[in-house]
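Engineer: One structure coming up, written as structure tokens, with questions to follow.
The values are calculated or read from the model by the stated rules, or taken from the named source; none is laboratory data. It should be emphasised that the depicted structure is a prediction, and the values quoted were computed from it without experimental measurement. Backbone-built Cβ (ideal geometry, glycine too); neighbour counts: all protein chains shown. To get the accessible areas, we keep the full protein, side chains included, count just its heavy atoms, and leave off ligands, DNA and RNA. Shrake-Rupley method; radii C 1.70, N 1.55, O 1.52, S 1.80 Å.
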Amino acid sequence: MLPNVRTPPASAPGRFGVLVVEDDSTIGRHLETGLRSNGYAPAWSRTGVGALTQASQGSYDVLLLDLGLPDMDGLDVARTLRARFPDLLIVILTARTDDIDVIAGLDAGADDYLVKPFSLTVLLARLRAHLRRRSAASPPPGPVPLGDLVLDEAGRRCTLHGTDVPLRPKEFELLTLLGRHAGEAVARETLMAQVWDENWFGSTKTLDVTMAGLRRRLAKAADSSPRPVRLPLITTLRGHGYRLEDS
Ligand code: CA
């Protein structure tokens, strides 16, 4: 018997894990490639049973679920995984256009659905919208120390030895996101999708400009501090993104 799953559980740090459940090879491959090149960490299962196993072995943020599977009804997969993982974002991909199927899918616990054929661009935009709404809904953690910096998301303050470090809004959000994933590589696409508008596409130059500003302001704050300071180290990972280390 062929293995159901083509790729190992992929929950690369700083990226959203997406479990694609699709028996059609062309669509499955298209989704896997498209998701990976857009900063997601996809895994692909061709069957419902494979998906249930895979979901319990890996850590996934999103389930992209075809309803017409060879071994079981996709609605049962949705129901089972919704019960097991209340926070999982479930998006149904279906060739069925009847309203009744869409209603059944949403009743089975899906958050959204797309009717095939769908465009990858639209799918990615929907995912960004859902994921941003989710991160906005979860309460920010308390103040977090990063070296001698203290990052207070709720109060939107960044302080160094108790002195405010003036940051622009996007600089603050960029630092916050990297700080949340301290020690992990965070892809440029993930940063663009979460810090900037969900509808960004093309150039990520604005990210480089914001990062340069952030580094400059942190260095300036460190220079003007009367005491020696330990700043978190932000490393540029060429062709990927950034990694913040709590020095
Ligand atoms: Ca199918």
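Engineer: In Å², what does the accessible area per residue of region 144-245 work out to with a 1.4 Å probe?
Structural biologist: Here the residues of region 144-245 average 53 Å² of exposed surface.
Engineer: Take every DSSP beta bridge whose two residues both sit in the chain, then give the antiparallel share in percent to the nearest 5.
Structural biologist: In the chain, approximately 50 percent of DSSP beta bridges are antiparallel ones.
Engineer: Residue separation times 0.36 nm, minus the C-alpha to C-alpha distance between residue 76 and residue 98: what's the value?
Structural biologist: This chain segment gains 6.1 nm when fully extended.
Engineer: Compute the long axis of helix 25-37 from its Cα atoms, compare it with the longest principal axis of the Cα atoms of the chain, and write down the angle in degrees, 0 to 90, nearest 10.
Structural biologist: 0 degrees
Engineer: Around residue 44, which amide H atoms from residues at least 5 apart in sequence, or from another chain, sit under 5 Å from its own amide H, with H modelled in the peptide plane?
Structural biologist: Amide H to amide H, under 5 Å and 5 or more residues apart or across chains, residue 44 pairs with 6, 7, 20.
Engineer: Taking all protein chains as present, what is the carbon and sulfur share of the accessible area of the chain, in % to the nearest whole number, probe 1.4 Å?
Structural biologist: Reported share for carbon and sulfur atoms: 55 percent.
Engineer: Just need the relative contact order of the chain here, percent rounded to a whole number, with Cα pairs under 8 Å and 6+ apart.
Structural biologist: Relative contact order here is 15 percent.
Engineer: Where a ≥ b ≥ c are the square roots of the eigenvalues of the C-alpha gyration tensor, would you call region 5-136 rounded, which needs a/c under 1.5, or, failing that, prolate if a/b is larger than b/c, or oblate?
Structural biologist: Rounded shape, in that the Cα axes give a/c under 1.5.
Engineer: Which FRET efficiency, nearest 0.05, do residue 237 and residue 154 yield, Cβ-Cβ r, R0 30 Å?
Structural biologist: Computed FRET efficiency for residue 237 and residue 154 comes out at 0.55.
Engineer: Just to be sure I understand the model, the point goes 7 Å from the Cα along the line to the Cβ. What's the resulting residue 206 to residue 87 distance in nm?
Structural biologist: Distance between the two pseudo-spin positions: 2.8 nm.
Engineer: What are the aspartates and glutamates whose alpha-carbon lies under 17 Å from the alpha-carbon of residue 205, with same-chain residues fewer than 8 places away excluded?
Structural biologist: List returned: 171, 173, 189, 197.
Engineer: Per-residue counts of other Cβ atoms within 10 Å, averaged by peptide: what ranking do you get for 42-52, 56-66, 126-136, 230-240, highest first?
Structural biologist: Output ranking for 42-52, 56-66, 126-136, 230-240: 42-52, 56-66, 126-136, 230-240.
Engineer: Still on this model: Using the per-residue mean of other Cβ atoms lying within 10 Å as a proxy for protection, in what order, highest first, do the peptides 189-195, 221-227 fall?
Structural biologist: For the peptides 189-195, 221-227, the packing ranking is 189-195, 221-227.
Engineer: Tell me, how many Å apart are the Cα centres for region 212-229 and for region 12-44?
Structural biologist: Value for the Cα centre distance between the two parts: 40 Å.
Engineer: Another question, then. With everything on Cα atoms, drop me the angle between helix 169-180 and the longest principal axis of the chain, reported from 0 to 90° to the nearest 10.
Structural biologist: 70 degrees
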